[in-house]
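See structure below.
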Amino acid sequence: MTTTLVQKHLIKGTREFTLVGEEVQYTIQSPLKTESLSVVLCVLDPEPVVSGSMLAFVSQVNREPLVELFLDKPDKETFDAFVETMRKRISEEDFSRLRVRETSVTVDADRVGESIDMLRTYVDPLEIEHFLSALAELQAKPGDHECLVAVAEAFNELGFVQGQVITYAPYVNFLLSGES
């Protein structure tokens, strides 16, 4: 899939951004020079930063802007669609996040319940409240793929507590591994 955004600025010239594979390639043509670069998506933070009339995708490491776009150019609809596609592609390239595949595991509601009990016993429930809610929803609807996706998203937001969750509720690792 290739997605392209072309932006024109009266003074700063033309910028063309193309999503190709796992990178964004862009060319900046100004009155004085032409510059072409590419950035691998996995190094970018999927949440862009707006500063003045610019929107930037920044490095996850040093927070430096690596891809800068003119805000709402060529038009708001086209711009928003490209930014959303780019955010999605960056998230897809983030190998540190667990995801649920379309062909996922068969959920055992009893084992989900055991996991909830273990987590409430050995991990501070306030630290994992959102995750516990997602697990409870999955236990109530074990065949609902969206509930499993919500569990994966809640797990990804846990930060350092992920290690405790996997230790005390190893069934969670099975659920999120995608192995049947």
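The values are calculated or read from the model by the stated rules, or taken from the named source; none is laboratory data. The structure presented is a predicted model; accordingly, all values stated were derived computationally and were not measured. Neighbour counts are summed over all protein chains in view; Cβ atoms, including those assigned to glycine, are modelled from backbone coordinates with ideal geometry. Just the protein is used for accessible areas: all its heavy atoms, side chains included, with ligands, DNA and RNA removed. Shrake-Rupley method; radii C 1.70, N 1.55, O 1.52, S 1.80 Å.
Specify the residue that is farthest from Val105 (Cα to Cα); the eligible residues are those in the range 137-165 that are more than 20 Å from the chain's Cα centre (by Cα) and surrounded by 15 or more Cβ atoms within 10 Å (Cβ to Cβ). Here the answer is Gln164. Cβ-Cβ contacts under 7 Å between residues 6 or more apart (or on different chains), taken from a first residue in the range 120-131 that is open to solvent by 60 Å² or more (accessible area, probe 1.4 Å) to a second residue that is at pLDDT below 95 and part of a helix (DSSP H, G or I), are listed as Tyr122/Tyr168; Glu127/Val161; His130/Ala154.
Identify, from the list Thr85, Thr121, Thr78, the residue that is within 17 Å of the chain's Cα centre (by Cα) and at pLDDT 90 or above.
Thr85
All told, Asp110 meets the bar of being at pLDDT 90 or above and open to solvent by 80 Å² or more (accessible area, probe 1.4 Å).
The rows are residues; the columns are (1) small (Gly, Ala, Ser); (2) under 15 Å from Tyr171 (Cβ atoms).
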site	(1), (2)
Glu129	no, no
Gln139	no, yes
His145	no, no
Ala150	yes, no
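Scanning the range 15-48 for residues that are under 17 Å from the mean Cα position of the chain (by Cα) and assigned to a loop (DSSP other than H, G, I, E, B) gives Gly21, Glu22, Asp45, Pro46, Glu47, Pro48.
The rows are residues; the columns are (1) among the hydroxyl-bearing types (Ser, Thr, Tyr); (2) out of contact with any Leu (no Cβ under 9 Å at 6 or more places or on another chain); (3) in contact (Cβ under 8 Å) with a residue 40 or more places away in the chain.
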site: Val49; (1), (2), (3): no, no, no
site: Ala109; (1), (2), (3): no, no, no
site: Glu137; (1), (2), (3): no, yes, no
site: Ala152; (1), (2), (3): no, no, yes
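Within the range 3-41, restricting attention to residues that are closer than 14 Å to Phe82 by Cβ and β-branched (Val, Ile, Thr), the residue that is least open to solvent (accessible area, probe 1.4 Å) is Val24. Considering the range 46-96, the residues that are open to solvent by less than 70 Å² (accessible area, probe 1.4 Å) and in contact with a Lys or Arg (Cβ under 8 Å, 6 or more places away or on another chain) include one that is farthest from Leu5 (Cα to Cα), namely Ser91.
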